[in-house]
Amino acid sequence: MPDQFIAFAIYAFVTSITPGPNNTMLLASGVNYGLVRSIPHILGVSLGFALMVLVIGAGLGEIFLAVPQAQTVLRWIGCLYLLWLAWKLATSGPMDNEAQEARPPLTFAEAALFQWVNPKCWIMAMGALTTYLPESASLWSVAVLALAFALVNAPSVGSWAAFGTILRGWLSSHKRMRAFNIVMALLLVASLQSIIS
């Protein structure tokens, strides 16, 4: 049992810390808003994902396996949402209080809902549920797995926002900030490949 928990913790850490749409958006949030204003976004990612694991583990995953069209619909919603986020990021202005007030950071609810259209999250959730839980796992076991994932995920994704905060000084130049936002937007668009394929 301890060996399986260690293996799960490593899985949760590696899948949470590696690049993906959430981490790209959190890096940009850290740069544009700082760590404190990015906390609702971080919590939305972690707790939204934990809820997703819980709901899929409780049986929703079976529906998506039985109705593949639902997966296609979610895939295209995710694609459109990522394009909208990329556009928002690419066209955002320099770091100043007025610009930040005009375009607030992602909220807790927005970040939590994004987990449902993020293909990396589906892969992470299904991988964890099928690998680290027995087929006849109780809802309690699924809840413990979801909570453990959130505890590993929050500091992992939060580190991206923290790194973005560190970059704020270097990106105080309007040209650098514009280039950074465009690069982050392009990375979000690049992540569409995993949705479409």
(message) Rg/Rh for region 101-194 to two decimals, with Rh computed the Kirkwood way over all alpha-carbon pairs.
(response) 1.07
(message) Can you show me the helix-derived [θ] at 222 nm for the chain, built from DSSP H runs with n ≥ 4 at -39,500 (n - 2.57) apiece and divided by the number of residues, rounded to the nearest 500.
(response) -26500 deg cm²/dmol
(message) Expected output is a single nm value to one decimal: the length gained when fully extending between Ile77 and Val55, i.e. 0.36 nm times separation in residues minus the C-alpha distance. What is it?
(response) 6.0 nm
(request) Could you work out how far apart the two model spin labels at Leu113 and Trp87 are, taking each label as a point 7 Å from the Cα in the direction of the beta carbon, and quote it in nm? (result) 1.7 nm
(request) Quickly work out the Phe13-to-Thr131 label distance, labels modelled 7 Å from Cα along the C-beta direction, and quote it in nm with one decimal. (result) 1.4 nm
(request) Distance from a point 7 Å along Cα→Cβ of Leu151 to each backbone N in region 1-35: keep the residues under 17 Å and list them by number. (result) 1-14, 16
(message) Under a Cβ-only charge scheme (Lys and Arg +1, Asp and Glu -1), can you give me the dipole magnitude of the chain about the Cα centre, in debye to the nearest 20?
(response) 620 debye
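Hull surface divided by four, with the convex hull built on the Cα atoms of the chain: how many nm²?
So the Cα hull casts an average projection of 11.0 nm².
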(request) Have a look at Leu133, Ala190, Ser156 and report the one farthest towards the positive end of the charge dipole of region 102-197, computed about the Cα centre with Cβ charges (Lys/Arg +1, Asp/Glu -1). (result) Ala190
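Taken together, the values in this text are just the output of simple stated rules run on the coordinates, not laboratory data. What you are looking at is a predicted structure, and each value in this text was computed from that prediction instead of being measured. All Cβ positions, even for glycine, are placed from backbone atoms using ideal geometry, and neighbour counts span all protein chains on display.
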